[in-house]
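The next block holds one structure in the form of C-alpha cells; read it before the comments.
Quick note: the coordinates plus some simple rules give every number you see, no bench work behind them. Note that the structure is a prediction, hence the values are computed from the model and not measured. Cβ sites come from the backbone with ideal geometry, for glycine too, and all protein chains shown count toward neighbours.
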Amino acid sequence: MEDIKNQLFYSWLAGIIDGDGCFTVSLTRQHNSKTPSLSVWAQICITSREDESWYLKEIVERVGLGKLYTKKKSRVQQYSVVTYQTTSMKDGLELAKRVLPYLHLKKNKCLKFIEFVEYWVSTKSPFKTSIKRMSGVKIRTQSDMLRAVKVACDINANRQTRRYKDKLTYEQWEPLIKEWYPL
C-alpha cells in the first residue's frame, strides 16, 4: 500500500514539476579569487505565490529533501513568492531519479540533469580539494567546465524568467572558459 502511495505522490509531483518546476544548472562567475573561475550548481526548483504555496510544504515533508525559501513582495511584485529547491547536487540527483518515470514534458531535461550531475559528482577529486581551492589551483579541467556550460545552456535555454533573459550563450561562454581553464 505504501508503494502505491509513493507512486501516486511522485506522479503528482512530476506533474507539478512538468508545469511549474525546473531542472537547472546555474553558472556563476567567481571574482573572489586571483584568477577568474566558474561556480556550477545543479538543482530542482518549484516556485509559487506565497498564498498558494501549501503544496510546497507538502513536498518538503514527503520528499525529505530540499528547503523552502520566501522572497517578500517588492514594489514591482504584487505578492511574495515561495520556492522549493534542492539544496545539494546529491539531493537534486535523488529527486530527479524519483520523478523521472512520471515526467512527460520535462523528461529529456531530467535525463540531461541526471547524466550531468552523476558525471559532475563522480569526477570531483576529493584529494586535497580545499587546499587546491585555497591556493587558487583549479579543481576542474577545461573539458569539465565546457561540458557544464553546454548542459546549462541546453537545460536553461527556454526558461521564461527574467533572471535567465540575459544569460550568456555557449558561444559566449566558450572563450571565457578556455581563458580561465587553460589546457
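Order these by the 10 Å Cβ neighbour count, fewest first: F9, F23, F116.
Fewest to most other Cβ atoms nearby, the residues stand as F9, F116, F23.
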For the chain, built as a Gaussian network whose Cα springs stay under 10 Å, the top-fluctuating residue of T47, T87, T141: T141
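Assigning unit charges at the beta carbon (Lys, Arg +1; Asp, Glu -1) and nothing else, what dipole magnitude in debye, to the nearest 20, does the stretch 2-180 show about its Cα centre?
Roughly 760 debye, rounded to the nearest 20.
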With Cα atoms, 0 to 90° folded angle of helix 142-155 axis to the chain main axis: 30
Out of the trypsin sites (Lys or Arg not before Pro) in the stretch 1-87, which ones are loop residues according to DSSP with at most 15 other C-beta atoms within 10 Å? K34, K72, K73, R75
What 222 nm value per residue comes from the helices of the chain, counting each DSSP H run with n ≥ 4 as -39,500 (n - 2.57) and dividing by all residues, nearest 500 deg cm²/dmol? -15500 deg cm²/dmol
For V25, V82, what ranking results if the residue with the fewest other Cβ atoms within 10 Å of its Cβ goes first? V82, V25
Could you give the angle, 0 to 90 degrees to the nearest 10, between helix 170-180's Cα long axis and the longest principal axis of the Cα atoms of the chain? 50
Once the Cα atoms of helix 2-20 and of the chain are each reduced to a long axis, what angle between those two axes, in degrees from 0 to 90 to the nearest 10, is obtained? 60
For the chain, calculate the relative contact order in percent as a whole number, restricting contacts to Cα pairs under 8 Å that are 6 or more residues apart. 22
